[in-house]
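Below: one structure, written as structure tokens.
The values are calculated or read from the model by the stated rules, or taken from the named source; none is laboratory data. Remember, it's a predicted structure, so these values are computed and weren't measured experimentally. Because the Cβ atoms are built from the backbone with ideal geometry, glycine has one as well, and the counts that use them run over all protein chains shown. Accessible surface is based on the protein model in full, side chains and every heavy atom, while ligands, DNA and RNA are left aside. Shrake-Rupley method; radii C 1.70, N 1.55, O 1.52, S 1.80 Å.
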Amino acid sequence: MNQYVLEMIGIHKHFPGVHALKGVDLRVKPGTVHGVMGENGAGKSTLMKVAIGLYKADAGTIRFKGEEVSFNSIHEALQKGISMIHQELSPLPYMTVAQNIFLGREILNRFGLIDHKAIDREAGKILEELQIPISPSRIMGELSVAQMQLVEIAEAVSRNAELVIMDEPTSALTEKEVDHLFEIIRNLKNRGVAVVYISHKMDEIFKITDEVSVYRDGELIDCRKTSDLTRELLIKMMVGRSIDQFFQKSKAKIGEIILEVEGLSRRGVFRDVSFTLRRGEILGFAGLVGAGRTEVMETLFGIYPKDKGTIRIKGKKVDIHSPYDAIRNGMAFLTEDRKRSGLYLNLSVRDNIAIASLKEHLKGFLINHSKIHSICEQAVQTLSIKTPNLEQQVMFLSGGNQQKVLVSRWLATSPEILILDEPTRGIDVGAKAEIYKLMSTLAQEGKAIILVSSEMPEILAMSDRIVVMHEGVKIGELTREEATPEKILHMATGETLATFQEAR
Amino acid sequence: MSRLNSKLLSILKKYSILFILIGLILVISILSGGVFLRITNLLNVLRQISVIGIISLGVTMVIITAGIDLSSGAIVAIVSVVVASLLQSPTAADRLFKGGQPWPVLPILIIGLLIGALGGLINGGLIAKFKIPPFVATLGMMTFARGWAFIYSEGRPRGSLIPQFEIIGQGSLFGIPNPAWILLICVLITHVILKHTLWGRYTYALGSNIQAAIVSGINTNRYILLVYTYAGFLSAVASIVLTARIGSGQPGLGMSYELDAIAASVIGGTSLSGGIGSAGGALIGALIIGVMKNGLDILNVSADFQQVMRAIIIVVAVIIDVRKNIKRS
């Protein structure tokens with residue numbers, strides 16, 4: 001019996017211009033949950049891609065169950081018993097759960113045809129064993145993200161995987177779903193399966209893992225038992241320094257009202273949302289996933305048409321029919337999904353920063369490239385964006401740096417109202433702290449900021465006022481002093497402040 | 001040392017297409033015993049590639065938007081027959097005008113260009129406003145325009161055009177054929193559009209990520225419309241050059257030119273998934289196709305076999321493109 005199910009030793013990986021992995025190790029014991037932490041760009045994802053055969057290591061050894069391996073494809077890794085549950089799931093939406101589980105290794109009957117009954121039966125067995133309450137005959141596309149994830153886990157188990165890698169599996173799950181996922185993970189553990197668990201979320205790491213490996217800048221910092229760790233220690237290991245002031249909220253002068261939204265509605269999505277925003281203020285929007293916060297912002301910014309409601313900027317009623325109108329009126333919108341609606345992945349850092357403000361820098365019909373160049377250089381410097389040069393395609397940057405590129409894009413339009421939708425999602429601790437600091441600075445400069453966030457500590461620490469939404473309706477508003485996690489949570493689940501206080 | 005190597009490698013990669021062209025020219029020059037390098041032959045190559053080159057510039061812009069244009073060849077045909085019918089000297093036109101004078105050339109050229117632009121505008125409208133996939137919309141325009149070309153010309157070629165017009169395709173300036181000059185001007189204009197105007201930068205942006213482009217405040221519909229209109233316009237330019245060169249308007253003209261133009265564009269480094277491409281690349285792509293065709297002609301390789309070779313080159317070019325994309329993701 002080997003001590004480790006997976007051993008990666010001295011792994012090196014180079015990309016053009018980047019030494020992504022500088023001889024790192026990872027040792028995972030069977031039947032344990034092994035946390036992998038590190039800032040974005042630390043090399044976690046690259047290491048995992050090496051483990052499953054998506055990338056080939058430039059140097060180093062990989063042993064699986066004591067046997068030296070070198071996978072040429074995900075398929076080979078799968079056959080040996082390594083499965084990965086990806087951040088972005090890719091099921092076949094029109095097939096059943098059972099068909100998805102047995103995709104590529106369908107059970108055949110004696111005529112060589114697919115034996116649907118057997119597939120259903122076997123899938124049902126696996127789901128039952130894992131206590132996943134999903135019928136094997138359901139259509140995949142009807143499931144929630146959380147359920148699809150569980151199906152993928154079932155698939156991994158059905159392949160007799162001995163190592164399952166989970167890359168931020170909870171990023172789209174509700175709290176209850178997370179609890180369920182953890183039960184399943186414990187279940188896997190009991191069956192002797194090892195789980196590599198990548199996450200940015202401290203709570204989860206402490207709750208579910210047995211050991212944690214922390215990476216920074218392509219190197220392994222340390223691998224320790226979770227029980228020997230504290231939150232502070234973990235942060236220190238991740239960023240290489242302790243963060244005293246993680247949330248930097250400095251006092252800003254709250255000025256006159258700049259934005260008034262009244263009775264904003266979009267049929268079937270949200271209704272009658274009203275709020276005001278002042279200069280120098282950070283207005284938090286709290287609520288559960290699906291409460292309609294993002295949709296309100298998208299409508300405010302003109303991406304979707306509103307059905308009702310008025311928007312006033314600096315006291316003047318404005319008509320916003322498109323993002324173009326919104327930008328002209330001094331608004332900026334950092335969207336929640338960087339890759340889908342933010343970045344131009346195959347364009348350069350320069351193009352990504354400049355695109356929304358190009359109009360301001362024309363000489364006749366032609367773009368003033370030297371002006372744009374200096375603006376972009378300035379932006380890279382101010383936000384300390386790590387990129388070899390402005391021509392670098394933005395896809396090669398880490399998540400945190402990509403986010404900074406998007407922030408730069410909007411700052412270049414000199415907005416007065418910034419809407420930040422989950423500005424720190426999926427970025428590392430260091431970049432988070434920088435974004436918080438930037439928000440404070442911007443507020444001090446008199447900009448008005450709307451912060452939509454699902455992270456309770458973030459919204460509590462950064463907001464001057466907090467609007468809480470539930471199922472498309474604004475439930476209430478709390479001042480910074482009033483707000484507590486409990487109050488917000490109660491309101492987010494649909495209780496008004498009054499009923500909450502009565503119950504007390 | 002390794003830094004130097006990697007720098008060298010990145011230069012090689014960036015200009016790989018150019019090196020391929022140079023290599024190709026060297027090989028063909030040697031194999032043909034220098035015949036290829038004769039001035040008359042080189043001028044001939046330029047004349048040959050100009051039509052596909054001009055079309056491929058517009059097609060490149062379309063592909064940068066992550067679209068496709070299959071209607072270029074058919075637009076060449078409809079513009080050719082309309083322009084030729086108006087320029088038949090001086091017999092046909094006298095029927096229209098009492099004086100028997102032919103129409104002046106310039107307005108007729110403008111009519112031709114407008115027809116091309118209109119075809120492109122319809123493509124763009126179908127794609128931007130009605131959200132019809134570019135493949136389907138331009139496939140429709142391809143058969144539509146080709147059909148009208150035959151209807152309008154009653155299936156007959158229109159020859160004996162007035163000489164002032166034929167100069168466009170047959171004359172030369174400073175020893176360089178006029179079609180080559182026109183190609184060069186089109187390359188420059190397209191280059192400036194792509195690199196130095198809002199239109200160009202927005203074209204890259206919306207091809208790279210249309211969702212993000214909308215959020216960035218770009219009126220994506222307007223620029224899609226503009227790009228397809230420009231592609232139609234350039235097809236009309238190419239049609240005028242071709243019609244003037246061969247001295248007649250024909251409804252069967254430009255058959256499968258759209259495919260050659262797409263090939264030139266892709267060989268020149270334009271990515272079919274959008275967001276990447278350049279005017280210079282399209283020119284080099286057209287040159288590679290043209291040089292190869294000319295070289296194989298000199299070497300007496302049969303036209304059928306040439307077709308096979310061209311197919312291989314296109315597939316290899318796309319494989320290179322796809323591999324680049326895989327590395328990125």
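Here is how the numbers come out for the structure above:
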quantity	calculated
Sorted largest first, extent of segment A:6-239 alpha carbons per principal axis (Å)	55, 37, 31
Inter-label distance, nm, simple model (7 Å from Cα along the C-beta direction), residue A:175/residue A:312	3.8 nm
Averaged over A:343-351, number of beta-carbon atoms from partner chains that fall within 10 Å	5
Over segment A:272-410, equivalent-ellipsoid semi-axes from the Cα gyration tensor in Å	29, 19, 14
Surrounding net charge for residue A:92, when Lys and Arg each add one and Asp and Glu each subtract one, Cβ distance under 14 Å	-3
Residue-count net charge about residue A:146 - beta-carbon cut-off 12 Å; Lys, Arg +1, Asp, Glu -1	-3
In sequence order, calculated HN-Hα J values of segment A:341-357 (Karplus, 6.51, -1.76, 1.60; Hz; x Gly/Pro)	10, x, 7, 9, 4, 8, 9, 6, 4, 4, 4, 5, 6, 7, 4, 7, 10
Distance violations [Cα-Cα > 18 Å] among A:56/A:189; A:306/A:474; A:49/A:201	A:56/A:189; A:49/A:201
Two-site label geometry, residue B:222 and residue A:384: point separation in nm, points 7 Å out along Cα→Cβ	4.0 nm
Kirkwood hydrodynamic radius over Cα pairs of segment A:338-414, then Stokes diffusion coefficient at 25 °C and 0.890 mPa s, in µm²/s	200 µm²/s
Cβ-derived FRET efficiency at R0 35 Å, residue A:129 paired with residue A:207, nearest 0.05	0.90
Net charge contributed by nearby residues that have their C-beta within less than 15 Å of residue B:73 (K/R +1, D/E -1)	-2
Accessible surface, 1.4 Å probe, highest first, among residues A:445, A:422	A:445, A:422
Sequence-distant lysines (8 or more away, or on other chains) whose Cα lies within less than 20 Å of residue A:253	A:314, A:437, A:447
Among B:212, B:66, B:282, residue whose mean-square fluctuation peaks in a GNM of chain B (springs only between Cα atoms under 10 Å)	B:212
Amide proton proximity set for residue A:85, modelled H, under 5 Å, gap of 5+	A:165, A:166, A:167
Ordering of A:477-487, A:370-380 by burial proxy (mean other Cβ atoms within 10 Å per residue, highest first)	A:370-380, A:477-487
Ratio Rg/Rh [Cα only; Rh per Kirkwood] for segment B:39-328	0.99
Potential extension, residue A:61-residue A:493 segment - 0.36 nm per residue separation minus Cα distance	150.5 nm
5 angstrom amide H check on residue A:428, placed H, neighbours 5+ away	A:40, A:400
Nearest-0.05 FRET efficiency for residue A:445 and residue A:236, computed from C-beta distance (R0 22 Å)	0.10
Cα pair distances in segment B:164-263, grouped into 5 Å bins until the bin that holds the longest one, percent each	2, 11, 17, 18, 16, 13, 10, 7, 4, 2, 0
Accessible surface buried once A binds B (1.4 Å probe; total of both sides; Å²)	2200 Å²
With DNA, RNA and ligands ignored, accessible area of residue A:237 (1.4 Å probe; Å², nearest 10)	20 Å²
Placed amide H near residue A:419: partners under 5 Å, 5+ positions off or other chain	A:332, A:333, A:334, A:450
Whole-number accessible area per residue in Å² for chain B, which is evaluated in the context of all protein chains at 1.4 Å	46 Å²
Relative contact order of chain B, defined on C-alpha pairs under 8 angstrom at six or more residues apart (%)	32 percent
Relative contact order (%) - criterion: Cα under 8 Å, at least six apart; region: chain A	15 percent
Contact order normalised by residue count of segment B:122-279, Cα under 8 Å, 6+ apart, percent	34 percent
Positions from segment B:235-280 whose accessible area shrinks by 20 Å² or more when the full protein complex is built, not the chain alone, probe 1.4 Å	B:276
Whole-Hz couplings from phi, Karplus 6.51/-1.76/1.60, listed for segment B:130-144; x for Gly and Pro	9, 6, 7, x, x, 4, 6, 4, 7, 5, x, 4, 4, 6, 4
Descending Cα extents along the principal axes, the protein assembly as shown, whole Å	100, 70, 61
Residue B:131/residue A:251 FRET efficiency (R0 60 Å; Cβ-Cβ; nearest 0.05)	0.75
Spin-label zone in segment A:316-339 - amide nitrogen under 16 Å from a point set 7 Å from the Cα of residue A:86 along the C-beta vector	A:339
Extension gain (nm, one decimal) between residue B:19 and residue B:172, 0.36 nm per residue minus Cα-Cα	52.2 nm
Accessible area of segment A:338-414 belonging to carbon and sulfur atoms, whole % at 1.4 Å probe	54 percent
Shielded by partner chains, segment B:204-218 residues - at least 50 Å² of accessible area, 1.4 Å probe, vs chain alone	B:208, B:209, B:211, B:215, B:216, B:217
Residue mean of other protein chain beta carbons inside 10 Å, A:114-127	0
Highest average packing first - A:405-412, A:265-272, A:199-206, Cβ atoms within 10 Å	A:405-412, A:199-206, A:265-272
Residue of B:121, B:42, B:70 that the Gaussian network model of chain B assigns the largest fluctuation, springs spanning Cα pairs under 10 Å	B:42
